[in-house]
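**Q** Got a structure for you, written out below as structure tokens; questions coming shortly.
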Amino acid sequence: MNVAVFGAGYVGLVTGAVLADLGHQVTLIEVSPEKINAIREGRSPIFEEGLDALLGRTLAKQTLSITDHPQEGVQDADVIFVAVGTPPLPDGEADLRYVRQAALSIGRSLTGDRQQVIVNKATVPIGSANLVEVWIQDGYREGHGGVPPQEWYAVASNPEFLREGTAIHDTLYPDRIVLGADQEWALERLKALYEPILGQTFPAPPEAPRPHGVTEVPVVVTDRISSEMIKYAANAFLATKISFANEIANISERVGADIVEVMRGIGLDTRIGGRFLQAGIGWGGSCFGKDLSALTVTAEEYGYRPRLLHATRDVNGDQRLLAVKRLQEELKTVKGRRVAVWGLAFKPGTDDLRDAPALAIIDELLRLGARVQVYDPIAMNNLKRQYPELEVEYRETAEDALDGADALILATEWPEFRDIPLSRIEAHLGRGVIIDGRNLWDPEEARRAGLKYRAIGR
Ligand SMILES: NC(=O)c1ccc[n+]([C@@H]2O[C@H](COP(=O)([O-])OP(=O)(O)OC[C@H]3O[C@@H](n4cnc5c(N)ncnc54)[C@H](O)[C@@H]3O)[C@@H](O)[C@H]2O)c1
């Protein structure tokens, strides 16, 4: 099938490259010249395990190409994905300007030569499929005058659930594919597009071996509004699960329970499940905060105050700054102290800094007058580029970051941190303090190594 994808970011690039690898003919449409140049050279502009290899292969097979001319991609496409960003506006509402631009250019390029399905893959507020339809009509009117006939196109919803760091794996072996559309032909087209994934009929690529036992992928076929809501509900639930673990961690600390034991104890209950129950300095990333805000705004537009969603966000906000509070308790004076921060990305396996807890911690440390020395194996260049004014010292290695430090805050649990013996940390920090924001280390071992160690909820 011919596929066009608006936006070659974390979602669009991975979706496009995976579909191209499965044999579809994919054209990415992107506005950033840097991203276009990098992708044309087979270099992924984002850090995502296996993506360079996948790009190299699909470019060589000539099933993937990239352009900045929407019409080039759209005119022959059977399916057009909109995978542009939907960042939050100051009031929490999703900013739909990029979705609108994409929809207008789709409308301008509609010709009726073939029936086309336009798919919202970006996370868009409930009801956005209707808006996209209107914007497509506006674009058509600009380009051609009049209204495009209904049978030329359909707008569908197909939310994305991939996780950065395991994005290729998640795209090939998703827990489910959700499709929301009103026209039967559009649903059939999307099922056919995803058939290799739904039936698991493709040979697994070297970057993403097929997990044992995956023989098919369930598809949820529904209406557009429910499909849009599924995405928000999923992210709200996951964020709530983590905030719940943190709430219990805060109580556990006070009564002398160990949150790691407690969450293991409840996670083995199949009704609860053990994932997303890690206590720590909270969730971040480009999706949870933004989607929680957008869902809250939607609820309030309809006169409903979503108390649970507010609580999820409040718990998370406090949790981020818990690391700094701990530091104040231990060091008393933070002003003029050197604090190492290990990890900047919102989670391991990605270079994404959007809404990363480490950023809130660094801001607070700087506000309190600390000197901050940072290290992250992948995300440091992004920090330099995105926050050039931030007065932190960049260190080449994790151990360099400890040099001269009075304390260490672990903000992201990159695997390489686990490999550094606690005795090495002690050699640098001496009687300094470790604030383990991700419960990476065993408290007993840390104390045996002579460190002043503080964890979350244990
Ligand atoms: N990142 C994730 O893990 C993830 C997971 C699931 C869903 N989502 C959702 O997917 C959407 C995209 O997220 P992302 O992380 O990939 O964003 P991103 O910022 O990485 O990528 C968006 C891309 O769209 C491009 N773009 C903007 N306007 C354009 C236009 N008019 N034409 C063509 N390209 C344009 C940007 O230059 C950018 O490269 C969001 O709605 C997000 O909530 C993201």
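**Q** With the radius of gyration and the Kirkwood radius both derived from the Cα set of the stretch 70-224, what is their ratio Rg to Rh?
**A** Working: Rg = 16.6 Å, Rh = 16.6 Å.
Here Rg/Rh amounts to 1.00.
**Q** Follow-up. Tell me, what is the percent relative contact order of the stretch 2-222, built from C-alpha pairs under 8 Å that lie six or more residues apart?
**A** Numbers: 414 pairs, mean separation 40.3, N = 221.
So the answer I get is 18 percent.
**Q** What residues have an amide H closer than 5 Å to that of V119, excluding those fewer than 5 places away on the same chain, when H is modeled at 1.01 Å from N in the peptide plane?
**A** I80, F81, V82, A156
**Q** Here's a follow-up. Charges on Cβ only, +1 for Lys and Arg, -1 for Asp and Glu, centred on the Cα centroid of the chain; of Y153, V260, G430, which one is farthest towards the dipole's positive end?
**A** G430
**Q** For the stretch 376-458, what class follows from the C-alpha gyration tensor (a ≥ b ≥ c being the square roots of its eigenvalues): rounded when a/c is under 1.5, otherwise prolate if a/b is larger than b/c, else oblate?
**A** Details: a/c = 2.06, a/b = 1.73, b/c = 1.19.
Prolate shape, in that a/c is at least 1.5 and a/b is the bigger ratio.
**Q** At a 10 angstrom cut-off on C-beta neighbours, averaged per residue, how do the peptides 306-314, 261-269 rank from highest to lowest?
**A** Values: 306-314: 16.0, 261-269: 14.3.
Descending packing order for the listed peptides: 306-314, 261-269.
**Q** Another question about this same structure. In Å, what is the Rg of the alpha-carbon atoms in the stretch 1-160, and how long is Dmax?
**A** For the stretch 1-160, the Cα radius of gyration and maximum Cα-Cα distance read 15.2, 46 Å.
**Q** Restricting to DSSP H runs of at least four residues, report the calculated mean residue ellipticity at 222 nm for the chain, -39500 (n - 2.57) per run over all residues, nearest 500 deg cm²/dmol. Don't skip to the answer; put the middle values down first.
**A** On the way: 18 runs with 208 residues, N = 458.
Rounded to the nearest 500, it is -14000 deg cm²/dmol.
**Q** Further, regarding this structure: What length, rounded to one decimal in nm, is gained on full extension from R176 through to A60, with 0.36 nm per residue of separation minus their alpha-carbon distance? Spell out each step's value before the answer.
**A** Working: separation 116, 0.36 × 116 = 41.76 nm, distance 2.99 nm.
Computed gain between R176 and A60 is 38.8 nm.
**Q** Ranked highest first by average number of other Cβ atoms within 10 Å, how do 324-336, 276-288, 229-241 line up? List each step's numbers first, then the result.
**A** On the way: 324-336: 15.2, 276-288: 24.2, 229-241: 19.5.
For the peptides 324-336, 276-288, 229-241, the packing ranking is 276-288, 229-241, 324-336.
**Q** Now for a separate question. Could you list which residues have their amide H under 5 Å from that of L28, counting only those 5 or more apart in sequence or on another chain, with H placed in the peptide plane?
**A** For L28, whose amide H was placed from the backbone, the distant partners under 5 Å are V5, S65, I66, T67.
**Q** Given labels modelled 7 Å from the Cα in the Cβ direction, how far is it in nm from Y387 to D400?
**A** Distance between label points: 1.9 nm.
**Q** Return the lysines within reach of K347: Cα separation strictly under 24 angstrom, same-chain partners fewer than 8 residues apart disregarded; answer none if there are no such residues.
**A** K35, K121, K231, K241, K290, K325, K384
**Q** Would you pull out the residues with amide H under 5 Å of I409's amide H, same chain only if 5 or more places away, H placed 1.01 Å from N?
**A** Result for I409 returns A340, V341, W342, I435.
**Q** Here's a follow-up. What relative contact order, as a whole-number percentage, does the stretch 288-454 give when Cα pairs under 8 Å and 6 or more residues apart are counted? Numbers along the way, then the final one.
**A** Working: 269 pairs, mean separation 34.6, N = 167.
Relative contact order comes out at 21 percent.
**Q** Right, something else. Dipole size in debye (nearest 20) for the chain around its Cα centre, Lys and Arg Cβ +1, Asp and Glu Cβ -1? Walk me through the intermediate numbers first.
**A** Numbers: 50 positive and 65 negative charges, 218 e Å.
Here the size comes out at about 1040 debye.
**Q** Go through 209-218, 125-134 and give me the packing order, highest mean Cβ count within 10 Å leading. Walk me through the numbers on the way to the answer.
**A** On the way: 209-218: 10.1, 125-134: 18.9.
In descending order of packing, they fall as 125-134, 209-218.
**Q** Sticking with this structure for a sec: Once you sort the root eigenvalues of the Cα gyration tensor of the chain as a ≥ b ≥ c, which label holds: rounded (a/c under 1.5), prolate (a/b larger than b/c) or oblate (the other case)?
**A** Numbers: a/c = 1.99, a/b = 1.82, b/c = 1.09.
Judged from the Cα gyration tensor, the chain comes out prolate (a/c at least 1.5, a/b above b/c).
**Q** Which listed residue (L451, A411, L344) has the Cα farthest towards the positive end of the charge dipole for the stretch 288-454, taking +1 on Lys and Arg C-beta and -1 on Asp and Glu C-beta about the Cα centre?
**A** In the stretch 288-454, that residue is L451.
**Q** Still on this model: Taking a ≥ b ≥ c as the square roots of the Cα gyration tensor eigenvalues, with a/c under 1.5 meaning rounded and otherwise prolate when a/b beats b/c, else oblate, which class fits the stretch 288-454?
**A** Details: a/c = 1.96, a/b = 1.71, b/c = 1.15.
The shape class here is prolate.
None of the figures in this text is laboratory data; all of them are computed from the coordinates on show. Predicted model only: the values in this text are computed from it and were never measured. Note: ideal-geometry Cβ built from the backbone for every residue, glycine included; neighbour counts use all protein chains shown.
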